[in-house]
Structure formats: structure tokens, C-alpha cells
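Read-outs throughout are calculated quantities, based only on the coordinates presented, and are distinct from any laboratory measurement. Predicted, not measured: the structure shown is a model, and the values here were computed from it. Positions of Cβ are backbone-derived with ideal geometry, glycine not excepted, and every protein chain shown enters the neighbour counts.
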Amino acid sequence: MSMLMLCDVRVLAPAKINIGLRVMPVRADGYHGIESIFQTLPLYDELALQRIGDSGNKCLVECNGMLLPEKNTLTSAYEVFCEVTGVTKSVRVYLEKNIPSGAGLGGGSSDAASLINALDAVYGTSLSLEQRRYIAGKVGSDVFFFAECGDVTKPFVALVKGRGEVVNPIVPRQDLFFVLICPDVHSSTGEAYRLVDKWYSPDWKWNGCSASQLEGVYNSPVETWDFVNSFTAPLVQQYPLIGECLQNLKDVGASFAQMSGSGSAVFGIFSSKNSADCAFLKLREKWKRCYTFASS
């Protein structure tokens, strides 16, 4: 990544997983309601911000790791930030992309939230929580969660409801050991929601834990978890490779395995670091994008 020494600020943008994700039928405003537990993981994109002019309101993005469309979550976040603060200056953003895209790990939303923090720091705009939430809502539903993460080097877990704007932090568990697999499947959020709407009838019944039970289940023994992701069944039918990943995680001893978000990443939770490490060593022989993390 060029010109890093000239950048004004650098920030990290963490990935997230969904531990259970209930998707409601589409609302009158066009959004789906959700009920979920979001948890950050220490897998990061890196952003560096450089001021390049006194005016122009341009956000130029250079990305190492993937080709971004001209309009993306970073340019959108910059536009709304300028609208809210009155800033008229141009910036260049260097993005080191480490979080796989199309994986349900929130990389684009996390990048946007981290850019908002970087812009606020560089321009001294002292954004209020209300302003941050306004910007988040204009960019994407998952941005709400990342906007409230605080220190991104520490785990952040929250109950998330509404379209994503209701974020209630809970105490992170310290005894979870994750293995994450990202198969070679790109699942766009729009496609995933269309599949969910087609899969479930308007009067379908939810067979997982209710919103009021989410925190209690999260704190119960992992092998008793009954979290369900509404996206999993239709996505597995569309992309059998996702189902293969889930089965592989169970085969190597995961106490719980599920898909994250709208896919295609899947994760397994293990009872100890040793069991997670052993599973990782077996699975990485087959899956090239395989990671292991601890919750602490």
C-alpha cells in the first residue's frame, strides 16, 4: 500500500459473525427486521486516511485485495459525513482488504464505521452518537453495530434488533474458540434476502429461541444452543458448498456450527483452544480460507 507515511490516521475495521439470525418478513419501509447476536472477531481490514485538498468533497479509494465499485460503503459514508458536518475537503482512503467479501462477515459495513471514526478524528468534528447513528443508517443496517464497537481490538457482543439500529451490548464470553471457513462462494445480501422471502411463507413459524431468550442461550453451554440462522437453509440449497463446510465443522468436533449473516462464511465453536487448533489444522488442508480465533 503506497504513501502510508503521508497518511493522517490509520484505523482497523473488525469482522463480525452472527450467532443466530432471525429474519422477519419484509416491512412496509422495505427493510426486514432481524433478531441476532453480533460478535466481532479479530480479523481486520485496515484503513489509512489522507487529506488531499481544501475542497471538492471527493473520497478517492485505493483498495488492495479486491476491486471495489465506484460507489461503495466508504464513499457513501464520506458523503453523509460531509452532509452532517459541513466538511468540504477531499480525502484519499487506502484500504487493505483482509475480510472476505460476500461472506456475511460485515466487512463493508465495518469499513464504513471505521472511516466515520477516522474522519471525525482528522477533522475534529466531535460527532454525537445521534449523528453517528444517522450516518450509519444512511449507509447500511450493519453499520449501526460497528459504530458502537468502541475499542475494536477488544471483543464486542450485542443483541441486535429492528433493521439493525437497536444495539444492546452484552458481556462477551471468554470461553469460546472459533474456527471460521470462507468457501469460494460469494453471497450478496440482496440475493440472500430474495432467497429468504421465497423460501419462507408469510405465516412461517420460527423454531429457534425468541428475542427475549437470546442472551440466556448465549450464556448457556454451547452444546445446548438452539440458535438458528434464517438464511442457512435457502443458502445451503443454492450453494451446497456451504452445507459441506458446516458438516466438516461438525465432523471435526464443533459443539455448534452455523452460517454467519447472509453467508457464505460458516463458523464452528469448540470447547477448548486445543480442540479448535486441531480442527483448524485438519480443515485448512481442504479450505484455503480457514481461520481460528478465541473470544477473549
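Within straight-line reach of K250, meaning a Cα separation under 22 Å, sit the following lysines at least 8 residues removed in sequence or on another chain: K16, K273, K282, K286, K288.
To the nearest 0.05, what FRET efficiency results for K273 and N168 with a Förster distance of 22 Å applied to their C-beta separation?
Values: r = 29 Å, r/R0 = 1.31.
E(calc), rounded to 0.05, equals 0.15.
Along the range 222-238 the Karplus relation, 6.51 cos²θ - 1.76 cosθ + 1.60 evaluated at θ = phi - 60°, assigns HN-Hα couplings of 4, 5, 9, 4, 10, 4, 10, 10, 4, 7, 4, 4, x, 6, 5, 5, 6 Hz to successive residues, with x for each Gly and Pro. Ordering 64-70, 157-163 by mean Cβ neighbour count within 10 Å, with the highest value first, yields 157-163, 64-70. Here the spin labels are modelled as points 7 Å beyond Cα on the Cα-Cβ line, and at M66 and K286 they lie 2.4 nm apart.
Amide H to amide H distances under 5 Å link D8 with L49, Q50, R51, where only residues 5 or more positions off or on other chains count and H is placed in the peptide plane. Ordering 243-251, 73-81 by mean Cβ neighbour count within 10 Å, with the highest value first, yields 73-81, 243-251. Residues with amide H under 5 Å of G162's amide H, sequence separation 5 or more or different chain, H placed in the peptide plane at 1.01 Å from N; which? Here the answer is I34, since their amide H atoms fall under 5 Å of that of G162.
Please report the antiparallel percentage of the DSSP beta bridges confined to the chain, to the nearest 5. Counting only bridges with both partners in the chain, antiparallel ones make up about 85 percent. Amide H to amide H, with H built 1.01 Å from N, S264 comes under 5 Å of A103, G104, S187, counting only residues 5 or more places away or on other chains. Rounded, prolate or oblate: which fits the chain, taking a ≥ b ≥ c as square roots of the Cα gyration tensor eigenvalues, rounded meaning a/c under 1.5, else prolate when a/b beats b/c? Prolate is the answer for the chain, as a/c is 1.5 or above and a/b outweighs b/c. For the Cα atoms of the chain, what angle does the longest principal axis make with the long axis of helix 107-123, in degrees from 0 to 90, nearest 10? Helix 107-123 and the main axis of the chain meet at about 30 degrees.
Extension gain S128-T88, at 0.36 nm per residue separation less the Cα-Cα distance, in nm?
Working: separation 40, 0.36 × 40 = 14.40 nm, distance 1.92 nm.
Roughly 12.5 nm would be gained on extension.
Here Q247 and R27 are evaluated by their C-beta separation; at R0 = 41 Å the FRET efficiency comes out at 0.75.
Against the main long axis of the alpha-carbon atoms of the chain, helix 129-139 sits at an angle near 80°.
So for each of 186-192, 98-104, 17-23 I average, over its residues, the number of other beta carbons within 10 Å; can you give me the resulting order with the highest mean first?
Sorting 186-192, 98-104, 17-23 by mean packing, highest first, produces 17-23, 98-104, 186-192.
Subtracting the Cα-Cα distance of Q213 and K58 from their residue separation scaled by 0.36 nm leaves 51.3 nm. Between the helical axis of 273-283 and the longest alpha-carbon principal axis of the chain there is an angle of about 90 degrees.
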